[in-house]
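Attaching a single structure in structure tokens format; questions to follow.
Throughout, read-outs are computed from the coordinates displayed, never taken from laboratory work. Owing to the predicted nature of the structure, the values given are computational and were not obtained by experimental measurement. Cβ coordinates were reconstructed from backbone atoms using ideal geometry, including for glycine residues, and neighbour counts include every protein chain displayed.
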Amino acid sequence: MDETTYSDQRVIELINREYVPIRVDNDVRPDINQRYNMGGWPTTAFLTPEGDILTGGTYLPPDQMVDALTRVASYYRTHRPEIVAKVLEGRRQAAAVAAASTGELEPGLVDRILGALQGAYDPQHGGFGTAPKFPHPEALILLAEQSVLRREPELMEMARHSLERMAAGGMYDHVEGGFFRYSTTQDWSVPHYEKMLEDHAGLISALAATGQSDILDDAVRYVDGVLRDPDSGLYAGSQDADEEYYRRDLAGRAELRPPHVDRRVYAAWNCALAVAYLEADLRLGRPKLREEARQLLESLFERRFDPEHGLRHTDEIGGQLGDQVWGLRAATAALAAGLGTVWRTRALQLAELLERRYGDPDLGGYRDRAEGEELGRLREPLKPLPENAVAAIGLVELDALLGDPSLGLRDRARRALASVAGLARRHGILAAGLARALDRVLREPIRVSTGDPELARAALAAHPYAVIEQADRGPAVICVGTACQAPTDDPEQVARTVARAAGLG
């Protein structure tokens with residue numbers, strides 16, 4: 001739009017004469033995006049001076065923008081009473097949606113979400129739906145986990161097939177490695193060429209959960225080679241789309257400047273990557289990734305964390321809910337991986353901060369932003385389903401590690417999910433994270449303490465929710481709640497005991 005619409009002199013003159021232009025970076029301000037996105041990026045939203053939406057859309061070429069700018073300005077001058085009424089009705093509807101977000105927690109909800117995934121699955125090309133086609137890593141991980149829990153190998157095959165087809169097609173960069181953002185076609189052949197750290201974090205977790213080590217290693221080659229800052233150990237947010245560059249082979253790319261890398265570091269995405277790297281080490285034996293996760297988290301928390309305000313989203317912008325919940329999951333994973341006792345303190349600090357700064361004391365759950373700016377729709381408290389699901393998983397895993405019911409972590413997780421359960425139907429397959437979290441909440445926590453990677457993998461192969469605690473000694477001690485079994489160094493015995501404790505036969 002910069003090169004076309006916003007370079008058009010007619011557009012420039014109309015905006016300067018009739019409007020106050022405000023430009024927002026979606027990645028920097030996800031709270032604003034949550035309230036003003038009109039269906040994609042770039043979003044063009046026309047607002048009242050109070051910050052309410054009049055109308056809007058996504059990409060508008062110059063002629064359409066000129067028409068929209070003229071019509072909206074004319075309508076605003078001549079229809080003030082109707083606009084006021086429309087704004088009030090919009091606010092009432094938003095309040096009604098917020099009130100309807102709560103719901104009951106019952107196992108049937110997991111079944112319904114899993115059924116939605118199976119119904120949307122594309123057996124030929126993998127993935128879900130038609131075009132445009134997104135990777136949906138949370139949905140793929142849900143399939144992998146439920147395959148083990150339900151003893152239904154076809155669910156694992158759906159997840160593996162999807163990842164294989166993505167990696168074999170245009171969604172993957174076969175020269176420099178790494179996944180593109182999404183496919184504009186159903187068969188993954190024509191991608192949108194941007195590469196995002198956030199997407200790679202989810203996909204690396206999915207590849208670890210499905211045991212696809214070759215694809216994982218090649219994706220890591222890109223992430224570490226292009227997005228990682230070797231000095232700080234932190235990862236850049238994205239690399240720009242450049243169709244001409246990515247359509248060339250290796251020799252052809254050497255003639256061009258590589259696409260720009262946005263070196264801004266986003267706390268949530270870095271924490272999600274650290275979780276993915278620790279999972280990859282746990283499931284596939286990747287000690288190099290464990291070390292990189294350690295360096296990443298130590299560097300990030302040293303620069304961005306304080307117990308009063310949590311993790312800052314970027315160096316310039318204060319924390320948002322996504323930063324705190326992924327920070328909680330990362331700190332919990334670091335504690336489990338034996339990266340230091342300081343992670344116990346940090347995980348508990350983040351769990352407390354979620355309640356104090358983001359929590360709803362009446363209905364439970366977490367709002368997407370702490371108190372602060374109250375401009376426009378930022379006045380409206382929102383409880384996003386994905387972030388509340390991540391919070392619930394972090395709280396449940398921390399509860400399993402600490403084994404202290406008095407902390408009430410499991411109850412907080414249950415309340416967080418109940419506060420957004422009513423949104424599951426509207427989210428469809430995007431509610432996969434809710435299903436993953438709910439299924440954990442409804443099951444007895446299992447902790448396996450061991451210093452033997454083979455025993456850890458045996459436990460996870462039997463039960464994907466087993467929380468693995470790195471211990472100094474090799475034999476595995478399996479605990480269900482506060483009751484622990486005798487140590488064993490037999491992988492088959494570990495698998496049988498974990499499965500029996502989980503009620504999986």
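Roughly speaking, what is the centre-to-centre gap between the range 451-491 and the range 390-420 when only Cα atoms are used, to the nearest Å?
If you average the Cα positions of each part, the centres end up 21 Å apart.
Ok, one more. What angle do you read, to the nearest 10 degrees and between 0 and 90, between the alpha-carbon axis of helix 80-99 and the longest principal axis of the chain?
That helix lies at roughly 10 degrees to the long axis.
I would also like to ask the following. How would the range 49-122 be classified by its alpha-carbon gyration tensor: rounded, prolate or oblate, with rounded meaning a/c under 1.5 and the a/b versus b/c comparison settling the rest?
It comes out oblate by the Cα gyration axes.
With angles folded into 0 to 90 degrees, how steeply does helix 197-210 sit against the dominant principal axis of the chain? Use alpha carbons for both and round to 10.
In the chain, helix 197-210 runs at an angle near 30 degrees to the longest axis.
If you take the Cα atoms of the range 326-473, find Rg, then find the Kirkwood Rh from the mean of 1/r over all pairs, what is Rg/Rh?
Rg divided by Rh gives 1.01.
Which ³J(HN,Hα) values, rounded to whole Hz and listed in residue order, are derived for the range 432-444 from phi using the Karplus coefficients 6.51, -1.76 and 1.60 in 6.51 cos²θ - 1.76 cosθ + 1.60 with θ = phi - 60°, glycine and proline given as x?
4, x, 4, 4, 4, 6, 4, 4, 5, 4, 7, 10, 5
Let me ask something additional. Which of the peptides 79-85, 206-212, 151-157 is most tightly packed, and how do the rest follow, going by the mean number of other Cβ atoms within 10 Å of each residue?
206-212, 151-157, 79-85
OK, next. About the Cα centre, and with charges only on the beta carbon of Lys, Arg (+1) and Asp, Glu (-1), how big is the dipole of the range 25-177? Nearest 20 debye, please.
Roughly 580 debye for the range 25-177.
Report, to the nearest 10°, how far helix 213-222 tilts away from the longest principal axis of the Cα atoms in the chain, using its own Cα long axis and a range of 0 to 90°.
In the chain, helix 213-222 runs at an angle near 50 degrees to the longest axis.
Give the span of the chain's Cα atoms along each principal axis, as three whole-Å numbers ordered largest to smallest.
Its Cα atoms span 78, 60, 45 Å along the three principal axes.
Counting helices only, and only those DSSP H runs with n ≥ 4, report the 222 nm mean residue ellipticity of the chain as the sum of -39,500 (n - 2.57) divided by its residues, in deg cm²/dmol to the nearest 500.
Result for the chain, helices only: -16000 deg cm²/dmol.
Also: Pop a pseudo-label 7 angstrom from the Cα along the beta-carbon direction at both SER213 and GLN93 and give the gap in nm to one decimal.
Label at SER213, label at GLN93, 5.3 nm between them.
While we're looking at this one, here's another question. Compute the Rg to Rh ratio over the range 425-505 from the alpha carbon atoms, using the Kirkwood formula for Rh, and round to two decimal places.
1.07
Still on this model: Quick check for me: using +1 on Lys/Arg Cβ and -1 on Asp/Glu Cβ, what's the dipole size of the range 5-99 about its Cα centre, in debye to the nearest 20?
280 debye
Now a separate question. About the Cα centre, and with charges only on the beta carbon of Lys, Arg (+1) and Asp, Glu (-1), how big is the dipole of the chain? Nearest 20 debye, please.
The calculation lands at about 1100 debye.
Under the rule that a partner needs its Cβ under 4.7 Å from the first Cβ, which Cys of the chain have none?
CYS271
To continue, here is another question. Is the range 5-99 best put as rounded, prolate or oblate by its Cα gyration tensor, with a ≥ b ≥ c the root eigenvalues, rounded for a/c under 1.5, and otherwise prolate when a/b is larger than b/c, oblate when not?
It comes out oblate by the Cα gyration axes.
Filter the GluC sites (Glu not before Pro) in the range 279-339 to those in DSSP coil with at most 16 other Cβ atoms within 10 Å of their Cβ, and list the result.
The qualifying sites are GLU308, GLU316.
From the cross-link list LYS86/LYS133; LYS195/LYS288; LYS86/LYS383, which pairs have alpha carbons spaced over 28 Å apart?
Cα-Cα > 28 Å for LYS86/LYS133; rest within.
Return the FRET efficiency for the residue pair ASP315, GLU374: r is the Cβ-Cβ distance, R0 is 30 Å, and the value is rounded to the nearest 0.05. Intermediate results must be reported in sequence, preceding the final value.
On the way: r = 24 Å, r/R0 = 0.79.
After rounding, the FRET efficiency stands at 0.80.
Answer rounded, prolate or oblate for the range 204-275, using the Cα gyration tensor with square roots of eigenvalues a ≥ b ≥ c: rounded when a/c is under 1.5, else prolate when a/b is larger than b/c, else oblate.
Since a/c reaches 1.5 but b/c is at least a/b, the shape of the range 204-275 is classed as oblate.
Take the eigenvalues of the Cα gyration tensor for the range 134-208, scale each by 5, and report the square roots as semi-axes in whole Å, largest first.
One finds semi-axes of 23, 12, 10 Å for the range 134-208.
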